[in-house]
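J.: Input: one structure, supplied below.
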Amino acid sequence: MIKKLTKIIACLIAIMMIMPLTACTDNEEGDITLNISASSVLTDALAEVNDLYMQKNSDIKILSNFTSAGTIQSQIENGADCDVFFSANVRNMDNLENKGLIISDSRENVLSNMLVLIVPASSSKGIDTFTDLIKDNIELVAIGDTSTVSAGIYSEKLFKLLEIYDQLSPKFISASNVREVLSYVETGNVDAGLVFMSDALTSDSVVIVDTAPDEINSQIVMTAAVVAASKYVEAAKEYLTFLSGAEAMAIFEKYGFSAAVE
């Protein structure tokens, strides 16, 4: 009798232990958190896109990380939680793909942009073109870090194309992301800076004075992919599909982006 009672009690304890675990699992399946890491240039537009996506998908929560593409690459390489990488240049995405750290068949070119030269709205330095930056009265030019910041990478390519890189490099103020470049110009701490068109359009304190040639702007492709270590691959792929859809693209275009050319 005692042995039988002991078995019954043991079964009841086992059932009690299983029930809360089952309830917890059901709750987790209903609430997915996607970690999205994106280049700083996407900050405003993607924040609005993400808000819309969460409104349409109540079971999805999005956590955003906006910084330079090079920094994000390093974060992913070091195991940071990331489901989707949205890069303002293809180089960092290529690096991750070559290491098997993104799902290759999920990769998609989403947006295009343009590199522009901006000056403070109150500037009287006579800067009208990129080549004006070599003038003696121009002292400081802000660009993104040429090793980690997408706009900085394209800026270096542009100045080398124009054959003025060596003359200009002593004037460079390096920034950790493109929004920092914008801030330097807005506050008048530099004479000019290079940012993406979408960054320049967010500020009334700067003026666009020149646009990079097609040889540079045709290279500016913003690409997104699911990270190989994602816990929610299917949900991440559905999110990527939304990024290229009409609703998201209308938001991106409002912020100065355009759809990537196929």
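J.: For segment 115-217, compute Rh as the Kirkwood radius over C-alpha pairs and then the Stokes-Einstein diffusion coefficient at 4 °C and 1.567 mPa s; write the answer in µm²/s, rounded to an integer. Numbers along the way, then the final one.
T.: Working: Rh = 13.0 Å.
The calculation lands on 100 µm²/s.
J.: Next question. Cα-based count: Lys pairs in the chain below 22 Å, eight or more positions apart or different chains?
T.: 14
J.: Taking the Cα atoms only, what angle lies between the long axis of helix 2-30 and the longest principal axis of the chain, rounded to 10 degrees?
T.: Taking the Cα atoms of the chain, the angle to 2-30 is about 20 degrees.
J.: Tell me which residues come under 5 Å, amide H to amide H, from ALA228 once H is placed; ignore anything under 5 positions away on its chain.
T.: Counting only residues 5 or more places away or on other chains, the set is ILE102, ILE103.
J.: Additional query: What FRET efficiency, computed as 1/(1 + (r/R0)^6) with R0 = 25 Å and r the Cβ-Cβ distance, is obtained for GLN55 and GLU234, rounded to the nearest 0.05?
T.: Here the calculated transfer efficiency is 0.80.
J.: Report ³J(HN,Hα) in whole Hz for each residue of segment 92-109, in order, from the Karplus equation J = 6.51 cos²θ - 1.76 cosθ + 1.60 where θ = phi - 60°; Gly and Pro get x.
T.: Couplings: 5, 5, 4, 4, 5, 5, 5, 9, x, 9, 10, 8, 4, 6, 8, 5, 8, 6 Hz.
J.: Report the Stokes-Einstein translational diffusion coefficient (µm² s⁻¹, integer) for the chain, Rh taken as the Kirkwood radius over Cα pairs, at 4 °C with viscosity 1.567 mPa s.
T.: Approximately 64 µm²/s, per Stokes-Einstein.
J.: May I ask you to compute the full-extension gain from SER169 to SER244, defined as 0.36 nm times their residue separation minus their alpha-carbon distance, rounded to one decimal in nm?
T.: 23.2 nm
J.: Using only Cα atoms and rounding to the nearest 10 degrees, what angle (0 to 90) does helix 43-56 make with the longest principal axis of the chain?
T.: 30
J.: Rank these for me by crowding, THR211, THR43, going from fewest to most other beta carbons within 10 Å.
T.: THR211, THR43
J.: What list do you get for LEU158, LEU42 if you sort them by fewest beta carbons within 10 Å? Walk me through the numbers on the way to the answer.
T.: Numbers: LEU158 21, LEU42 27.
With the fewest neighbours first, LEU158, LEU42 line up as LEU158, LEU42.
J.: Please give me, ordered by residue number, the trypsin sites (Lys or Arg not before Pro) of segment 33-141 that lie in loop per DSSP and have at most 14 other Cβ atoms within 10 Å.
T.: In loop regions of segment 33-141 (DSSP not H, G, I, E or B), the sparsely surrounded trypsin sites (Lys or Arg not before Pro) are LYS99, LYS135.
J.: Still on this structure, please answer the following. Ranked from highest to lowest mean number of other Cβ atoms within 10 Å per residue, what is the order of the peptides 69-75, 216-222? Before the final figure, lay out each step's value.
T.: Working: 69-75: 22.3, 216-222: 18.6.
Packing order, densest peptide first, comes out as 69-75, 216-222.
J.: Suppose R0 equals 22 Å. What FRET efficiency, 1/(1 + (r/R0)^6) with r the Cβ-Cβ distance, do ASP136 and ASP214 give to the nearest 0.05?
T.: Values: r = 30 Å, r/R0 = 1.37.
Rounded to the nearest 0.05, the efficiency is 0.15.
A short reminder: the numbers here are calculations on the coordinates, not readings from a lab. The structure displayed is predicted, hence computed values, not measured ones. Heads up, the Cβs are rebuilt from the backbone with ideal geometry, glycines too, and the neighbour counts pull from every protein chain shown.
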